[in-house]
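See below for the structure under consideration.
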Amino acid sequence: MTRLLRLLVLSLGAAVVLFPFLFMLSTSFKPQAEVFSAGLSLIPSHFAGWENYAKAFTRIPMARILLNGVVVCLAIVGFQLVFALPAAYALAKLRFPGRDLLFGLVLLGLLVPIHAISIPLYAAARALGLLNTLAVLIVPFTLSVFAIFLFRQFIKAIPDDLILAARSDGLSEAAIVWRIILPNAWSAASAFAIFSVVAHWNDLYWPLIAISKTQLATPPLGLLFFRAAEAGDDYGALMAATVIITAPLILFFLFAQRLFIEGMTMTGLKG
């Protein structure tokens, strides 16, 4: 009975979480007149999916917007790994004056949201001529204090004997990071990559400030441009555009689910 009750509670929770997605998918197939009908039905009486999805792809450059999201997210993740792994290795395995102070500053950086520094970032981007470029969406996020913290916790659990053996074989500290640490921390890197991609794919605040051209919009900002083009009243087409923007994230998570769970479990246990 306990297992049955637990399963029932989890099923109800899953239904609550999944219902907005099912409603979004159902609305994307409905004509405008049926969206605000009196009854609540997930199955449309008249199928209008072709029209709604055609509007989503033709009213704005949807393919270009999705490509922008992929380029920005992959570039950010790549730079974050390049900078965070050596920093985390130094904080975890190297002994030098001020190491604990630097780690404290990393923890302090976790408390600073992007909203608090958006005005200085905007002023710097304007002075450098980076506004309305993909670079302005990538450069401010190339360094992630969360990535440094996550990898530092994971690297601390790697045996020191492995590091000493690598040094005895003549490997430099940089070679140890990329040839020893990275293969052992791949599960943690995969888990962080999912966090990073989801956060920056869904980010609307900074692109809304730094980008005003539709061709350079990321998926959430492109959705705003689409709503403006549709005068905000064609909710069937709007939900179709939302499905198109949400689908890559769902597929990405399903593809990397095993690595995500493995990485988070190992990182949590090896603090």
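The values are calculated or read from the model by the stated rules, or taken from the named source; none is laboratory data. It should be emphasised that the depicted structure is a prediction, and the values quoted were computed from it without experimental measurement. Methodologically, a virtual Cβ is constructed for each residue, glycine included, from the backbone with ideal geometry; neighbour enumeration extends over all protein chains shown.
Quick rundown of the values:
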| quantity | calculated |
| --- | --- |
| Which numbered condition I148 fails, given (1) crowded, with 17+ Cβ neighbours inside 10 Å; (2) of a type outside the set (D, E, K, R); (3) closer than 30 Å to I244 by Cβ | (3) |
| Residue within the range 13-26 that is small (G, A, S), in contact (Cβ under 8 Å) with a residue 12 or more places away in the chain and in contact with a helix residue (DSSP H, G or I) (Cβ under 6 Å, 6 or more places away or on another chain) present | no |
| Residue among F47, F96, F57 that alone is farther than 28 Å from L251 by Cα, aromatic (F, W, Y), surrounded by fewer than 18 Cβ atoms within 10 Å (Cβ to Cβ) and at pLDDT below 90 | F96 |
| Among (1) under 29 Å from the mean Cα position of the chain (by Cα); (2) modelled with pLDDT of 90 or more, the one test that L8 misses | (1) |
| Output for the range 132-165, where each listed residue is aromatic (F, W, Y) and farther than 30 Å from Y205 by Cα | F154 |
| Within the range 71-158, helices (runs of 4 or more DSSP H) holding 2 or more residues that are small (G, A, S) and free of Cβ contacts under 8 Å to residues at least 12 places away in the same chain | 118-127 |
| Per-region count, the range 191-220, residues under 15 Å from the mean Cα position of the chain (by Cα) and surrounded by 17 or more Cβ atoms within 10 Å (Cβ to Cβ) | 15 |
| Restricting the range 30-68 to residues that are part of a helix (DSSP H, G or I) and of a type in the set (V, I, T), the residue that is nearest to the chain's Cα centre (by Cα) | I65 |
| Test result for F57, among the aromatic types (F, W, Y) and farther than 27 Å from L216 by Cα | no |
| Selected residue (criterion: nearest to the chain's Cα centre (by Cα)) from residues of the range 159-176 that are surrounded by fewer than 16 Cβ atoms within 10 Å (Cβ to Cβ) and assigned to a loop (DSSP other than H, G, I, E, B) | P159 |
| Residues being modelled with pLDDT under 85, under 13 Å from the mean Cα position of the chain (by Cα) and surrounded by 15 or more Cβ atoms within 10 Å (Cβ to Cβ) - total across the range 228-255 | 1 |
